[in-house]
Amino acid sequence: MGASHTVLKGGGILAGYSIHVRPTLSSRESINARELGPSFVGGLEDPGYLAKTAGFVDTRVMDVTPHFRETCIAWIEAMEFFEEELRAELDQSDYRDELRNKKDMLCGIDKGLLMRSLIVCKKEG
């Protein structure tokens, strides 16, 4: 977010999504969340906190996890439906890894370990 703050004009608005570890987890749950989430999830802190420390104001963070859960299910169903075509385009391990990653992320959401947030914030000025 720091780089976005640098290039955004004063008064500009930044909006984006983040998948991150739910903030109130025990250390064991946090480790499990990082194992189930995408590779970058381990380094992500609370997105509202990150936006504020990067200098953004009027930060709003909305939990959109239920909608993202539906997206994960649709990805998995589509990958399984188009398995033959996807395996023809990807190498076998890429298809298998991507499907496993999507299923792991869904598992993390269902266990209450991962969440997806929409962040909207403004650069002062």
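Couple of notes before you dig in:
- When LEU25 is tested against (1) out of contact with any His (no Cβ under 9 Å at 6 or more places or on another chain); (2) within 14 Å of ARG116 (Cβ to Cβ), only condition (2) is not met.
- A search for C-beta distances below 6 Å between a residue of segment 48-60 that is touching a residue at least 40 places away in the same chain (Cβ under 8 Å) and any residue that is surrounded by fewer than 13 Cβ atoms within 10 Å (Cβ to Cβ), counting only pairs 6+ apart in sequence or on different chains, returns ALA54/GLY2; VAL57/GLU124.
- Single residue of segment 81-112 satisfying the filter (surrounded by 13 or more Cβ atoms within 10 Å (Cβ to Cβ) and aliphatic (A, V, I, L, M)) that is nearest to LEU36 (Cα to Cα): MET105
- Residues being among the acidic types (Asp, Glu) and at positive phi are entirely absent from segment 75-92.
- Residue match in segment 113-123 (condition: polar (S, T, N, Q) and surrounded by fewer than 16 Cβ atoms within 10 Å (Cβ to Cβ)): no
Since every read-out is calculated from the coordinates, none of them should be taken as a lab result. Everything quoted here is computed from the prediction, not taken from an experiment. All Cβ positions, even for glycine, are placed from backbone atoms using ideal geometry, and neighbour counts span all protein chains on display.
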